[in-house]
Amino acid sequence: MSDFEAVDALVARMEAQLAPLQARGDARRYFHGTYLRTTRAVGAELAGGGFMDPAWVERWDVAFAELYLDALEADQRGEHPSGPWKVAFGAADERATTLPPLRHVLLGMNAHINYDLPQALLAVIDDQEFQDAALLDRRGADHRHIDTVLAARVDAEDTELDAVSGRRSLLDRVLTPANRLGTKRFLEESRAKVWANARALALARRQGEAAYTVLLAELERLAALRVADLTEPGQVILKLAVKGFGVLLPGARTA
C-alpha cells in the first residue's frame, strides 16, 4: 500500500471494532475510541509531511496498532492476551462502572505503550539498523514527534471523556488542568523508557532467541504490574507522579 493507505485500512478496522463495543456498553470502548481518534491524528500528520520518514512511521504505526488489535481480538475470542492486556481487559469486565472512563483509557495506554511499543519498534528496526547511529537519530526524532501529535490531543480527549462520563467529582474537576499537564509529561517520560527498552531488547535479540524471550517476559511482568497499580483506588495522576508511567528493563538506560 502507498499514500498512507495502510493507515486508512487500520482506521477502518478500528472503526468496525468500535461499533460492537459501543453497542454493548463495553468499557473497552473508552481506550479504543481514544486510540482511533489519535490514529486519525497520526494519519493527518503523515499526510501533512510532519515526519522525517513518513513511510517508516506508517509501517511502525500499523505494527504498533496491530499488537493491540490482535490482543483485543484474542480476548474477544476467550483466549488469554499478554499480561498487561489481561489486567486492562479484566478491569473493563470487572470494574466497568466503578472505574471512570479516564482510568480505562490510562490502563489501555499503559499496557500498549509499555509492552507493545518496544516490540513495534523492533518490528521496523532490524539489528543492522540498530547499529546505525545516524539512522537511529532519525528514527528517534520521529518517535519523539509522536509525542507532539498525542499531546495535541490530550485536551480534546479529556473533554470527550468528560462528556461520556457525566459523574466527575469536584476533586476531579479541580485537578483537570493538572491531569492534562501530567498526562503530557507522562507520555514523554514513558516514551524515553520505551526507547531504552527497545535498545535493550534489540541487544538481547542479537544474543539469541533465548535471551530475547527472557527479557521480553520480564517486560511483560513489569508492564502488567504497572497496569495493576493503576487499577487500585486513588488519584491516578498522583500515583503516576510517584511511580512514573513507564517501566524500565534491568540494564536499560534513558538518555
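The values are calculated or read from the model by the stated rules, or taken from the named source; none is laboratory data. Given the structure is predicted, the values throughout are model-derived calculations rather than measurements. Virtual Cβ from ideal backbone geometry, glycine too; neighbours counted across all protein chains shown. Ligands, DNA and RNA are stripped out before the accessible areas are found, and what is left, the full protein with its side chains, is counted by its heavy atoms. Shrake-Rupley method; radii C 1.70, N 1.55, O 1.52, S 1.80 Å.
Under the definition of Cα pairs under 8 Å and six or more residues apart, what whole-number percent is the relative contact order of the chain?
25
Please report the carbon-and-sulfur percent of the accessible area for the chain; probe 1.4 Å, protein heavy atoms only, DNA, RNA and ligands left out.
Carbon and sulfur atoms account for 55 percent of the accessible area of the chain.
Does the range 191-255 classify as rounded, prolate or oblate by the C-alpha gyration tensor (a ≥ b ≥ c root eigenvalues; a/c under 1.5 gives rounded; else a/b over b/c gives prolate, otherwise oblate)?
oblate
Restricting the calculation to Cα positions, tell me the Rg (one decimal) and the Dmax (whole number) of the chain in Å.
17.6, 53
Taking K and R as +1 and D and E as -1, what net charge do the other residues with C-beta under 13 Å from the C-beta of Arg138 add up to?
Charge balance near Arg138 sits at -3.
What value in Å³ per residue do you get for the convex hull of the alpha-carbon atoms in the range 61-118?
Roughly 74 Å³ of hull volume per residue.
Name the long-range amide H neighbours of Gly246: under 5 Å, sequence gap of 5 or more, or other chain; modelled H, no Pro or chain starts.
Ser190
State, as an integer percentage, the relative contact order of the range 45-130 based on alpha-carbon contacts under 8 Å between residues 6 or more apart.
Relative CO of the range 45-130 lands at 38 percent.
Could you size up the charge dipole of the chain around its Cα centre, putting +1 on the beta carbon of Lys and Arg and -1 on that of Asp and Glu, and report it in debye to the nearest 20?
The calculated dipole for the chain is roughly 980 debye.
I'm checking a number: the convex hull volume of the Cα atoms of the range 21-63, normalised per residue, in Å³. What is it?
68
222 nm [θ] for the chain, helices only, -39500 (n - 2.57) per DSSP H run of 4+, per residue, to 500?
Per the formula, -26000 deg cm²/dmol.
Using Cα-Cα distances under 8 Å and only pairs 6 or more residues apart, what relative contact order does the range 195-255 have, in percent?
54
How many Å² of accessible area per residue for the chain, probe 1.4 Å?
With the other protein chains kept in place, the chain gives 46 Å² per residue.
Per residue, how big is the convex hull of the range 46-146 when only Cα atoms are used? Give it in Å³.
117
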